[in-house]
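This is the structure I have questions about; it appears just below.
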Amino acid sequence: MKKSNKGFTLVELIVVIAIIGILAAILVPAMIGYITDSKLSSANSSAKQVYTAINNYCEKVVSNMAPIDAGDTNEVTIPTKSSLTKMGTDVETSTLPTTAPTSLAEWEPWLADAVALSMGDEAAGSVFVCRIKSGFPTALIWKKTDGDPYIGGYPKQATKKDWSLADAAGSSAAPTT
């Protein structure tokens, strides 16, 4: 009687596993790079939305009272739309301060509320730092949460994780963020 051997030999299986291991070693770092690029792109898109919301609010302020004082904000956390403290709960009926705050730090809650009203609850808990000159934003960095390593920038978009306000403004000065 003739015996028929079906299946793969041990050597063939080891060769196939080695080829799969080599391909995985090449592809995994590339996939991690794509994920990082995707998260930076998302952060940059959100930074642009926040910048636009602040710019629109600054236009309202400038047309109704003195421009916001120039300088860099501290880290500002955006509240949920339901917990707004300054402007009310609706973009259309939002209010301005009765008298212009004298420092940028006093404007921060107003700016946070403006962003929350413009973007809704999707922005809640996110953090931004903004530079304002002559009443309007000139640079902004944004992150989804306080501990998020992916920081978006606008008008200059972030290209790396450790982005700063100076990078977003395109200057060499390095303010604390």
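The values are calculated or read from the model by the stated rules, or taken from the named source; none is laboratory data. Quick caveat, the model's predicted, so the values are computed rather than measured. With ideal geometry, Cβ positions are generated from the backbone for all residues, glycine too; neighbour counts draw on all protein chains shown.
Quick one: which of VAL61, VAL91 is touching a Gly at 6+ places or on another chain (Cβ under 9 Å) and not hydroxyl-bearing (Ser, Thr, Tyr)?
VAL61
Further, regarding this structure: Can you tell me which residue among ASN74, ASN56, ASN44 is part of a loop (DSSP other than H, G, I, E, B) and out of contact with any Phe, Trp or Tyr (no Cβ under 6 Å at 6 or more places or on another chain)?
It is ASN74.
For VAL115, state whether it is touching a Leu at 6+ places or on another chain (Cβ under 7 Å) and within 17 Å of ILE132 (Cβ to Cβ).
No, not satisfied.
Further, regarding this structure: Using beta carbons and a limit of 6 Å, which pairs, at least six apart or on different chains, have the first residue in the stretch 38-51 and touching a residue at least 24 places away in the same chain (Cβ under 8 Å) and charged (D, E, K, R) and the second one surrounded by fewer than 17 Cβ atoms within 10 Å (Cβ to Cβ) and in a helix (DSSP H, G or I)?
Pairs found: none.
Additional query: Would you pick out the residues in the stretch 33-84 that are surrounded by 13 or more Cβ atoms within 10 Å (Cβ to Cβ) and among the β-branched types (Val, Ile, Thr)?
Listed by number, the residues that qualify are THR36, VAL50, THR52, ILE54, VAL61, VAL62, ILE68, THR73, VAL76, THR77, ILE78.
To continue, here is another question. In the stretch 88-104, what residues are under 23 Å from the mean Cα position of the chain (by Cα) and modelled with pLDDT of 80 or more?
LEU104
Moving on. Please verify whether the stretch 141-153 includes one or more residues that are at pLDDT 90 or above and on the phi > 0 side of the Ramachandran plot.
No, every residue in the stretch 141-153 fails to be at pLDDT 90 or above and on the phi > 0 side of the Ramachandran plot.
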